[in-house]
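The next block holds one structure in the form of structure tokens; read it before the comments.
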Amino acid sequence: MNENLFTSFIVPMVLGLPLATLIIIFPSLLFPTSNRLISNRLISLQQWVLQLVSKQMMGIHNTKGQTWALMLMSLILFIGSTNLLGLLPHSFTPTTQLSMNLGMAIPLWAGTVITGFRNKTKASLAHFLPQGTPTPLIPMLIIIETISLFIQPIALAVRLTANITAGHLLIHLIGGATLALMSISTTMAFITFIILVLLTVLEFAVAMIQAYVFTLLVSLYLHDNT
């Protein structure tokens, strides 16, 4: 067991070279494509899930917003597969790194905002000042709305980082408690082991839900600006 709880979040190194890039690329190999007329069960299931998610996520968008469908589907697949692979023993989860999540959130958020100012300039500027605002409050509301706009990508990244990191820490702590209790009380060790199994199942759900929430929020930002 590692003495430092955060050792598992350190980027793995081989010969002094970080392996983060290879780890980030690896999930894309898990989604094969088929050139056959009739696909196998795995690819058929993959296509069915993608169609289901895309209908739910892109149904609210107009024609301009639907051009982002391929990127949003790629995003949810990448985050979901990365989160799930991080639950394997002795693995590394890139989405626990705030820098990586900011690297995804800031460009996507900036793209939606730039799209809004380009296609709906008046409507985008109107968000900074709600209708019917008293004149003395106008400067304060403009500042508040500007700050809330720039906080959006930070909230996206911090939400994903915090949820994935907290789950990994809980699994690590409860797993360590289970090992420690095995030499003290078999009954308590069994109870903590059941809790560990249930928490692991919950983390599988959280891994998928957080991928969906991250992509859904980007989709909502896009909807507000198209």
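The values are calculated or read from the model by the stated rules, or taken from the named source; none is laboratory data. Bear in mind that the values here come from a model prediction, so they are computed numbers and not experimental data. Using ideal geometry, Cβ is built from the backbone for each residue, glycine included, and neighbour counts are taken over all protein chains shown. Ligands, DNA and RNA are excluded from the accessible area calculation, which covers all protein heavy atoms including side chains. Shrake-Rupley method; radii C 1.70, N 1.55, O 1.52, S 1.80 Å.
The table below lists the values:
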item: Residue pairs meeting the criteria (Cβ under 6 Å; at least 6 apart or on separate chains; first within 16 Å of residue 212 (Cβ to Cβ), in the stretch 57-73; second open to solvent by 70 Å² or more (accessible area, probe 1.4 Å) and not charged (D, E, K, R)); result: 58/66; 60/223
item: Candidate set from the stretch 167-186 (those that are over 20 Å from residue 86 (Cα atoms) and open to solvent by less than 90 Å² (accessible area, probe 1.4 Å)); member that is modelled with the lowest pLDDT; result: 185
item: Whichever residue in the stretch 136-152 is without any contact (Cβ under 8 Å) to a residue 40 or more places away in the chain and under 29 Å from residue 211 (Cα atoms) and, among such residues, is most open to solvent (accessible area, probe 1.4 Å); result: 150
item: Residue 164 loosely packed, with under 15 Cβ neighbours inside 10 Å and over 16 Å from residue 224 (Cβ atoms); result: no
item: Where residue 133 falls short, out of the listed (1) touching a helix residue (DSSP H, G or I) at 6+ places or on another chain (Cβ under 6 Å); (2) open to solvent by 40 Å² or more (accessible area, probe 1.4 Å); (3) assigned to a loop (DSSP other than H, G, I, E, B); result: (2)
item: Unique match (being more than 30 Å from residue 130 (Cβ to Cβ) and open to solvent by 30 Å² or more (accessible area, probe 1.4 Å)) among 205, 189, 155; result: 205
item: All positions within the stretch 208-219 that are aliphatic (A, V, I, L, M) and open to solvent by less than 70 Å² (accessible area, probe 1.4 Å); result: 211, 213, 216, 217, 218
item: Any pair with Cβ under 6 angstrom, 6 or more apart, that starts in the stretch 199-226 at a residue that is closer than 25 Å to residue 67 by Cβ and ends at one that is open to solvent by 20 Å² or more (accessible area, probe 1.4 Å) and hydroxyl-bearing (Ser, Thr, Tyr); result: 225/115
item: Filtered residues of the stretch 95-111 (kept if within 11 Å of residue 82 (Cβ to Cβ) and in a helix (DSSP H, G or I)); result: 95, 96, 100, 101, 104
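To keep it simple, each residue is scored yes or no on (1) open to solvent by 90 Å² or more (accessible area, probe 1.4 Å); (2) modelled with pLDDT of 75 or more.
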position	(1), (2)
13	yes, no
21	yes, no
60	no, yes
88	yes, yes
113	no, yes
